[in-house]
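Participant: Below is a structure I'd like to ask you about.
Read-outs: derived from the displayed coordinates by stated rules, not from any lab. Not measured: the values here are computed from a predicted model. Every residue, glycine among them, receives a Cβ derived from its backbone with ideal geometry; neighbour counts consider all protein chains shown.
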Amino acid sequence: MKYEQEFPLAVTKVAGLSRQFDLSKPEERHDYYEAKAGTEMEKLRAYFDRGGTFVAYLLGKKNSGKGTYTKMLVGLFGEDKIGHISVGDVIRDTHLEIEDETKKAALIDYLTKNYRGYISIEEGLNALLNRDPKTLLPDEFTMALIKREIDKIGRKTILIDGFPRNLDQVSYALFFKQLIDYRDDPDIFVAIDVPEAVIDERMKTRAVCPLCHTPRSFKLLTTSNIGYDEETKEFYLKCDNPACQHARLVPKEGDHLGLESIRERLDLDGRLVEKIFSLHGVSKILLRNAIPVSLAAEYVDDYEITPEYYYEYDAATKKVTTLEKPFMVKDDEGVDVYTLLAPPVGVSFLKQLVKTLGL
């Protein structure tokens with residue numbers, strides 16, 4: 001990315017901190033954030049306590065983890081301070097509302113008062129339901145649905161995931177805080193930079209429980225129970241949810257194609273981030289998911305690097321052993337990089353937020 005030189009690599013290593021945290025455990029993650037970014041968290045708590053708010057738009061290529069970092073902030077500071085809006089969830093929830101006559105009536109009443117556009121409300125609802133594939137859901141309609149969610153949330157910090165979705169919506173985003181009467185709030189664009197090789201591996205190694213639908217990754221997010229198929233000589237993941245009784249996880253349809261199956265979407269997402277980061281007068285944060293192998297020892301602790309899991313099978317005992325090593329890929333410029341777990345990227349988010357807000 002052309003703008004990376006403006007955002008130096010985050011340093012999460014803390015001098016004198018010898019404790020190693022198990023970042024898979026929620027209680028350890030809390031201690032980790034306090035150890036790595038305690039000062040920044042105190043400043044942000046004080047900011048929220050005195051009524052400070054901001055509007056942040058999370059941008060990134062598909063499967064880059066936008067929802068992960070949103071949930072992290074909400075978890076650290078509370079739903080009473082931060083509201084999260086996923087535009088995808090808004091559209092899905094609106095589908096359900098339309099099926100309930102009472103909720104549909106309330107929705108139409110809201111849209112009548114707040115939506116202004118070139119197609120009727122009924123045409124907009126049909127487009128949302130894909131009843132009329134020739135009619136595209138206009139940006140004005142999407143904006144009205146988002147504004148409705150913000151009205152429900154009230155005056156809090158708002159993290160928006162999934163907007164702007166295309167280049168035409170960038171201009172809407174620039175004036176969004178005026179639309180929702182947050183005239184004094186900072187608006188911040190947060191881009192998540194993930195090498196395409198990582199997205200490819202996430203997709204190709206993803207598996208889902210057929211019962212509880214929990215997603216995992218054979219290589220990057222394993223389960224505690226691993227099976228071995230004697231007939232096919234292949235390892236497979238078993239669901240950790242007791243209710244699923246060790247159900248065998250299965251790949252999602254089409255995932256074996258990797259990122260090429262979503263190439264058009266990835267290219268559009270990339271152009272969108274480039275467009276926004278070329279704008280003047282708006283605050284920007286860049287979250288980097290990877291760090292050059294040559295700099296890793298200086299910048300991060302070993303346990304912050306994403307592990308790559310692999311397995312060995314003992315035919316005599318019929319037991320599977322799970323092993324791990326640092327997950328290394330080449331980034332989009334061909335540099336060998338380690339990818340980072342979500343918490344160290346979250347530490348970078350906290351540090352950049354404090355700087356951006358001038359705290």
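Participant: Kindly flag which residue pairs out of 81/152; 233/319; 238/318; 252/325 have an alpha-carbon separation exceeding 19 Å in this structure. Before the final figure, lay out each step's value.
Facilitator: Working: 81/152 14 Å; 233/319 13 Å; 238/318 16 Å; 252/325 25 Å.
From 81/152; 233/319; 238/318; 252/325, over 19 Å: 252/325.
Participant: Just to confirm the filter: which trypsin sites (Lys or Arg not before Pro) across region 269-359 are DSSP coil and have at most 14 other Cβ within 10 angstrom of their Cβ?
Facilitator: Working: sites: 271, 275, 284, 288, 318, 319, 330, 351, 355; in loops: 318.
Here the trypsin sites (Lys or Arg not before Pro) that fit, given the DSSP loop and packing criteria, are 318.
Participant: Could you list 279, 268, 96 so that the one with the fewest beta carbons within 10 Å of its beta carbon is first and the one with the most is last? All intermediate terms of the calculation are to be shown ahead of the outcome.
Facilitator: Values: 279 12, 268 15, 96 9.
Going from least to most buried by this count: 96, 279, 268.
Participant: Which three extents, in angstrom, do the Cα atoms of region 224-305 have along their principal axes, listed largest first?
Facilitator: 58, 37, 28
Participant: Continuing with this model, one more query. Among 91, 305, rank each residue by its count of other Cβ atoms within 10 Å, from fewest to most, as a rough exposure measure.
Facilitator: By the 10 Å Cβ count, ascending: 91, 305.
Participant: Residue 9 to residue 321: FRET efficiency via 1/(1 + (r/R0)^6), r the Cβ-Cβ distance, R0 35 Å, to the nearest 0.05?
Facilitator: Rounded to the nearest 0.05, the efficiency is 0.50.
Participant: About the Cα centre of region 82-155, how large is the charge dipole given +1 on each Lys and Arg Cβ and -1 on each Asp and Glu Cβ? Please answer in debye to the nearest 20.
Facilitator: 240 debye
Participant: Would you mind ranking 356, 112 so that the residue whose beta carbon has the fewest other beta carbons within 10 Å leads the list?
Facilitator: Least to most surrounded, the residues fall as 112, 356.
Participant: Right, something else. Using the eigenvalues of the Cα gyration tensor, what equivalent ellipsoid semi-axes result for region 82-155 when each is taken as the square root of five times the eigenvalue, whole Å, largest first?
Facilitator: Calculated on Cα positions only, the semi-axes equal 19, 13, 13 Å.
Participant: Under a point-charge model restricted to the Cβ atoms of Lys and Arg (+1) and Asp and Glu (-1), what is the dipole moment magnitude of the chain relative to its Cα centre, in debye to the nearest 20?
Facilitator: So the magnitude is around 560 debye.
Participant: Grab the beta carbon distance between residue 102 and residue 19, set R0 = 56 Å, and tell me the FRET efficiency rounded to 0.05.
Facilitator: 0.55
Participant: Hey, got a sec? Which GluC sites (Glu not before Pro) in region 266-359 land in a DSSP loop and have at most 13 other Cβ atoms within 10 Å? Before the final figure, lay out the partial values.
Facilitator: Numbers: sites: 274, 298, 304, 308, 312, 324, 333; in loops: 333.
Passing sites in region 266-359 are 333.
Participant: Still on this structure: With just the Cα atoms of the chain, tell me how far they stretch along each of the three principal axes, in Å, largest first.
Facilitator: 71, 49, 38
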